[in-house]
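The block underneath contains the structure these notes are about, expressed in structure tokens.
Nothing in this text is a laboratory measurement; each read-out follows from the coordinates by a stated rule. Being a predicted model, the structure only gives us computed values, none of them experimental. As a convention, Cβ positions derive from the backbone with ideal geometry for all residues, glycine included, and neighbour counts pool all protein chains shown.
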Amino acid sequence: MSGLVPVSWKDSANTLRENVLSIFDRWLPGRRSVRRGRGDDWDFGFGALTLTGGPAIDLINDDDEIIVAAELPGLSEKDFQVELEGQRVVIRGEKKSAWEDKKDGYYYSESSYGSFYRAVPLPAEVDPDKVEAVYKHGVLRLRLPKTEAAKARRVKVKVN
């Protein structure tokens, strides 16, 4: 049945879904979205990274470039990948954490694993050859220079 839905509607539905998830990310910063099977189930838990919703994102769109900042606490640069796919940036990776304590006759062990994925639609076309990425103190910062055609042009308005 899903094959009968026009492709343009599927793209619009996926965009709508990403926008709704983004709203949940802003309203419930500790939200963890869990997709089981087809991705229909949502679990609102607490964690630094949402398992499939991805990291919290800030996007700044100025005249010459787009800046994306993503929170990836506790990860090293080899735990995630950044890709530029058409008009969006994709951040994906895996968070692994293990902890144990042996003391006074007891043993305590805890571990958590989970992958994450976040696609960020870009508001303008960027030059892929000039993209810069810096990861420092748990924050990934991407500088995405716009193409000349996409840069904003200012027009002076005369007021009489």
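Please turn the phi angles of segment 18-23 into ³J(HN,Hα) values with the Karplus equation 6.51 cos²θ - 1.76 cosθ + 1.60 (θ = phi - 60°), one per residue in order, whole Hz, x for glycine and proline.
4, 5, 5, 4, 5, 4
Limiting things to C-alpha atoms, what are the Rg and the maximum Cα-Cα separation (Dmax) for segment 67-160, in angstroms?
20.8, 85
Considering only DSSP states other than H, G, I, E and B, which trypsin sites (Lys or Arg not before Pro) in segment 95-160 qualify as loop sites with at most 16 other Cβ atoms within 10 Å?
Numbers: sites: 95, 96, 102, 103, 118, 130, 136, 141, 143, 146, 151, 153, 154, 156, 158; in loops: 151, 153, 154, 156, 158.
Listed in order of number, the matching sites are 151, 153, 154, 156, 158.
From the phi of every residue in segment 60-69, what ³J(HN,Hα) in whole Hz does the Karplus formula 6.51 cos²θ - 1.76 cosθ + 1.60 yield, where θ is phi - 60° and glycine or proline is x?
Couplings: 10, 10, 10, 4, 10, 8, 10, 10, 10, 10 Hz.
Gain in length, residue 141 to residue 58, computed as 0.36 nm per residue apart minus the alpha-carbon separation, to one decimal in nm?
On the way: separation 83, 0.36 × 83 = 29.88 nm, distance 0.94 nm.
Gain on stretching residue 141 to residue 58: 28.9 nm.
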